[in-house]
Amino acid sequence: MIRVGIVGSTGYGGCELVRFLLTHPEAKIQWVSSRTYSDEEYSSVYASYFQLVDQKCIDENIEDYLDDVDVIFFATPQGVCAKMVNETVLSKVKVIDLSADFRIKDVDTYEKWYGIKHASPQFIKEAVYGLCEINREQIKNTRLLANPGCYPTCSILSVYPLAKAGLIDMDTLIIDAKSGVSGAGRGAKVANLYCEVNESMKAYGVATHRHTPEIEEQLGYASHQDVLLNFTPHLIPMNRGICITAYAKLKEGVTSQQVAKAYQIYDDEYFVRVLKPGKVPEVRSVKASNFVDVNYKIDERTHRVIMMGTMDNLVKGAAGQAIQNMNLMFGLDEKTGLMLAPAIL
């Protein structure tokens, strides 16, 4: 039985970790931590967990609780995990960080885009980027896991087959992204109030969104070249979900058969579903699940390919993928505890 601790358990990502881990047959939640709700019962924060998780939230002095757990999830804002992780922690437990602290290998790039000083750059090199479908073998042997961002997960998985196969001109890549409001977290912000979001839609972080270098770095590894792209996210009035539409020029001579063959890379991937020709991914089809639905359409008129993907930002984009990573790190079938079908409503 894997003993689990969760730092930042009362945010949306932390709550989703709790939801899935409660039914995980090989894991047990030993403690939940919260800076805001320390010493309060978890079920007083989320009433839906009454008689399911009645333990009190502990403080964030995690070194006092290391002997009780085998793995710690950090569902915390940027900078928190980097400050709290040290050699003592990593010598006793595995760490899965849902923030960006260890995703980007160049510390200067991280500090530029996130606007904070990295507190433990000495651990960046050893951290493994936890996109399971791409880095599965490295994930199995790491003690420090950088869980990918929500936008990057959907963007990378949608584009990866053609980037890896060298079928698209990476200099022409544009990614248009849309997310539900939960992607901004649980903190109170005027811009996320119901009346501000409902019946509206807007772009944000235009040319400055901090997930951009993460997407560029990972697609650079896939295509074996430096990648510079336009990534524009939009906020839409729904609770959860991400929709990606990416555009790129096909290289000269690339055929539809080559494109179709490239997406066969996902034939053995349970959580990435390549839809039938003509079907477009829908957010509702992946809601509350760990699935990513992808597909593509070749525009013969412009010689471009349109790559599409949808997923739940709180599950495959956060907690579900983190648990998928935990399963790999502890030698379990990666689907364990994640077999919930998408919610219809």
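General remarks:
- Residue within the range 141-160 that is surrounded by fewer than 18 Cβ atoms within 10 Å (Cβ to Cβ), of a type in the set (Val, Ile, Thr) and more than 14 Å from the chain's Cα centre (by Cα) present: no
- Members of the range 197-249 found to be among the small types (Gly, Ala, Ser) and under 24 Å from Asp312 (Cβ atoms), listed by number: Ser200, Ala203, Gly205, Ala222, Gly241, Ala246
- Residues of the range 16-45 satisfying the condition of being touching a residue at least 12 places away in the same chain (Cβ under 8 Å) and hydroxyl-bearing (Ser, Thr, Tyr): Thr23, Ser33, Ser34, Thr36, Tyr37, Ser38, Tyr42
- Filtered by the rule that a residue be modelled with pLDDT of 95 or more and either farther than 19 Å from Asn86 by Cα or more than 23 Å from the chain's Cα centre (by Cα) (or both), the range 29-39 gives Ile29, Gln30, Trp31, Val32.
- Residue count for the range 83-117 under the criterion of being within 18 Å of Cys150 (Cβ to Cβ), in contact with a helix residue (DSSP H, G or I) (Cβ under 6 Å, 6 or more places away or on another chain), part of a helix (DSSP H, G or I) and of a type in the set (Ser, Thr, Tyr): the result is 0.
- Identification of helices (runs of 4 or more DSSP H) wholly contained in the range 177-271 with 3 or more residues that are of a type in the set (S, T, N, Q) yields 212-223, 256-262.
- The set of residues in the range 58-94 that are surrounded by fewer than 18 Cβ atoms within 10 Å (Cβ to Cβ) and of a type in the set (A, V, I, L, M) comprises Leu66, Leu90.
A quick yes/no check of all residues on (1) out of contact with any strand residue (DSSP E or B) (no Cβ under 6 Å at 6 or more places or on another chain); (2) within 17 Å of Ala27 (Cβ to Cβ):
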residue: Gln51; (1), (2): yes, no
residue: Cys57; (1), (2): no, no
residue: Glu60; (1), (2): no, no
residue: Asp68; (1), (2): no, yes
residue: Ala82; (1), (2): yes, no
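- Some residue of the range 18-26 being in a helix (DSSP H, G or I), under 23 Å from the mean Cα position of the chain (by Cα), of a type outside the set (Ser, Thr, Tyr) and closer than 15 Å to Phe74 by Cα: yes
- Among residues of the range 223-250 that are under 15 Å from Ile174 (Cβ atoms) and of a type in the set (Lys, Arg), those with a Cβ under 7 angstrom from a residue that is in a strand (DSSP E or B) and modelled with pLDDT of 95 or more, sequence gap 6+ or separate chain, pair up as Lys249/Ile168; Lys249/Asp169; Lys249/Thr172; Lys249/Arg304.
- Breaking point among (1) among the acidic types (Asp, Glu); (2) at pLDDT 95 or above; (3) in contact with an Asp or Glu (Cβ under 8 Å, 6 or more places away or on another chain), for Glu26: (3)
- Residue within the range 262-282 that is of a type outside the set (Lys, Arg), buried (at least 22 other Cβ atoms within 10 Å of the Cβ) and touching a Pro at 6+ places or on another chain (Cβ under 7 Å) present: no
The values are calculated or read from the model by the stated rules, or taken from the named source; none is laboratory data. Nothing here was measured: the structure is a model prediction, and the numbers come from that model. Note: ideal-geometry Cβ built from the backbone for every residue, glycine included; neighbour counts use all protein chains shown.
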